[in-house]
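Working notes, beginning with the structure itself.
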Amino acid sequence: EKGAYRHFMEKEVHEQPDSVQHTLSEYLDLVTGAAKTQAIDFAAVDRIQIIACGTAFYAGQIGKYAFEKYAGLPCDVEIASEFRYRSPALTPGTVAVAVSQSGETADTLASLTWCKAQGLKTAAVVNVHTSSMAREADVLWPTHAGPEIGVASTKAFTAQVSALLALAVAAGVARGRIGADEEAALVKALFEAPRLIAEALQMDGQIRAIAQDLAKATDVLFLGRGAMFPLAMEGALKLKEISYIHAEGYAAGELKHGPIALVDEKTPIIALAPLDEVFEKTASNLAEVAARGGPVIMIAPATAPAPHGDGIRRVDAPDCHPLIAPLVYAVPVQLLAYYTAVQKGTDVDQPRNLAKSVTVE
Ligand code: M6R
């Protein structure tokens with residue numbers, strides 16, 4: 001039931017403080033400040049191969065950044081429809097991890113089955129715990145988003161990201177990369193996510209105002225660096241899916257290698273710019289775009305310094321630890337797509353041509 005909400009998507013976006021909290025509690029102990037020991041011994045793993053489709057693929061890419069940064073564990077992420085048909089060369093110490101809300105996506109399931117047949121250890125980060133992938137994988141890493149009705153994935157995405165970030169911390173501890181103090185600090189940072197997601201939901205009014213303008217655009221660019229790069233692609237996918245506006249997500253540093261040619265006064269550029277180690281780099285990319293007349297919307301904490309240039313509109317996001325920025329910034333990204341679609345009057349929960357679960361190739 002939608003309750004007081006107009007659409008399931010809106011309801012599901014607002015459920016995220018709870019779904020993230022619930023998912024994190026599966027992997028982390030709030031009381032002891034420790035990551036729970038996992039069925040897979042990360043110290044004995046050489047590489048992680050994540051396989052997924054669509055939004056789950058972007059969650060996987062965010063996971064990759066965390067596994068490599070916090071656990072020093074090499075991690076590849078691939079779209080399942082490519083992975084399954086290209087004869088990937090995998091080494092024996094690799095763990096194959098399928099990421100999927102439904103646990104039934106045909107290409108992801110086939111990739112998982114193939115990896116298992118190759119003798120690899122397999123795991124599945126899935127939201128439907130009775131699904132084919134949950135049964136097929138050696139290890140089930142559940143997400144606790146609850147049933148997701150909207151075709152556009154929102155709370156399942158942040159639950160996937162929560163699980164992967166927590167697992168990356170667990171891997172870092174198991175591999176001796178993270179000491180007890182850092183572990184406690186990272187676990188604390190993760191458990192701050194539900195409160196900061198709730199705070200990000202207060203950006204509603206600011207986002208609604210931006211969406212009025214986005215609804216008039218025919219093309220939109222999303223930019224980010226680090227974990228904000230996959231989130232930029234997720235933002236573009238969300239906008240495409242439900243508002244039917246053409247959108248692309250780019251790594252901000254790639255701009256001058258081509259996409260900057262698209263910049264004009266009619267193409268809004270949404271920048272995801274938390275105050276992290278690459279903030280200054282992103283800010284200078286935005287100054288370049290603004291200098292070429294691009295209307296920039298910078299989503300950043302109010303405490304972040306302003307980039308040079310006119311025409312940069314700011315949307316204030318909560319301050320947060322860089323580890324949880326993809327969870328906190330997912331909210332404005334989802335709300336932008338949502339309010340733009342509402343403004344356009346499209347069918348938010350049942351977008352044209354899309355199915356909730358893609359069980360055929
Ligand atoms: O059930 P899955 O997570 O395996 O589904 C994967 C994609 O089909 C899914 O994320 C799709 O991209 C969504 N419509 C995105 O909003």
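The values are calculated or read from the model by the stated rules, or taken from the named source; none is laboratory data. Predicted model only: the values in this text are computed from it and were never measured. Cβ: placed from backbone, ideal geometry, glycine included. Neighbour counts: every protein chain shown. In case anyone asks, the SASA skips ligands and DNA or RNA and just uses the protein heavy atoms, side chains included. Shrake-Rupley method; radii C 1.70, N 1.55, O 1.52, S 1.80 Å.
Worth a mention:
- Taking a point 7 Å from the Cα of Thr218 along the Cα-to-Cβ direction, the residues of the stretch 240-257 with backbone N closer than 12 Å to it are 246.
- A convex hull fitted around the alpha carbon atoms of the stretch 51-199 yields 108 Å³ per residue.
- Percent of Cα-Cα distances greater than 20 Å, calculated over the stretch 1-115: 54
- Looking at the chain alone, DSSP beta bridges between its own residues are antiparallel in about 5 percent of cases.
- The portion of the accessible surface of the stretch 71-194 made up by carbon and sulfur, rounded to a whole percent, is 52 (1.4 Å probe; DNA, RNA and ligands excluded).
- Base-10 log of normalised Debye intensity for the stretch 136-272 (one unit scatterer per alpha-carbon) at q = 0.14, 0.21 Å⁻¹: -0.85, -1.34
- Helix 204-214 axis versus longest C-alpha principal axis of the chain: approximately 70°, rounded to the nearest ten.
- Alpha-carbon Debye profile of the stretch 40-91, log10 I(q)/I(0) at 0.20, 0.23, 0.24, 0.28 Å⁻¹: -0.72, -0.89, -0.94, -1.09
- Dividing the convex hull volume of the alpha carbon atoms of the stretch 280-333 by its residue count gives 78 Å³ per residue.
- From helices alone, the chain scores -13500 deg cm²/dmol at 222 nm; the rule is -39500 (n - 2.57) for each run of n ≥ 4 DSSP H residues, then divide by the residue total.
- Per residue convex hull volume, Cα atoms of the stretch 213-253, in Å³: 52
- Using a Förster distance of 51 Å, the FRET efficiency for Tyr244-Asp29 (Cβ separation, nearest 0.05): 0.70
- Protection proxy ranking, peptides 204-210, 147-153, 165-171, 185-191, average beta carbon neighbours within 10 Å, highest first: 165-171, 147-153, 185-191, 204-210
- Both the radius of gyration and Dmax for the chain are 19.5, 57 Å, in that order, over alpha-carbon atoms.
- Distant-in-sequence amide H partners of Ile51 (H built 1.01 Å from N, under 5 Å): Glu78, Val97, Ala98, Val99
- Charge-dipole axis of the stretch 8-136 as Lys and Arg at +1 and Asp and Glu at -1 on Cβ define it, positive-most pick from Ala98, Thr113, Ala59: Thr113
- For the stretch 1-65, alpha-carbon Rg and Dmax in angstrom: 16.2, 49
- Cut-off 14 Å between beta-carbons: net charge of the residues surrounding Ala117, Lys and Arg +1, Asp and Glu -1: +1
- Cα centroid of the stretch 53-127 to Cα centroid of the stretch 302-361, whole Å: 25
- Each Lys and Arg adds +1 at its Cβ and each Asp and Glu adds -1 at its Cβ; summed about the Cα centre, the chain shows a dipole of about 360 debye.
- Relative to the dominant Cα principal axis of the chain, helix 228-243 is inclined by about 70°.
- Other-chain or far-sequence residues with amide H under 5 Å of Ala34's (modelled H): Asp29
- Taking the longest Cα principal axis of the chain as reference, the axis of helix 155-174 is set at about 50 degrees.
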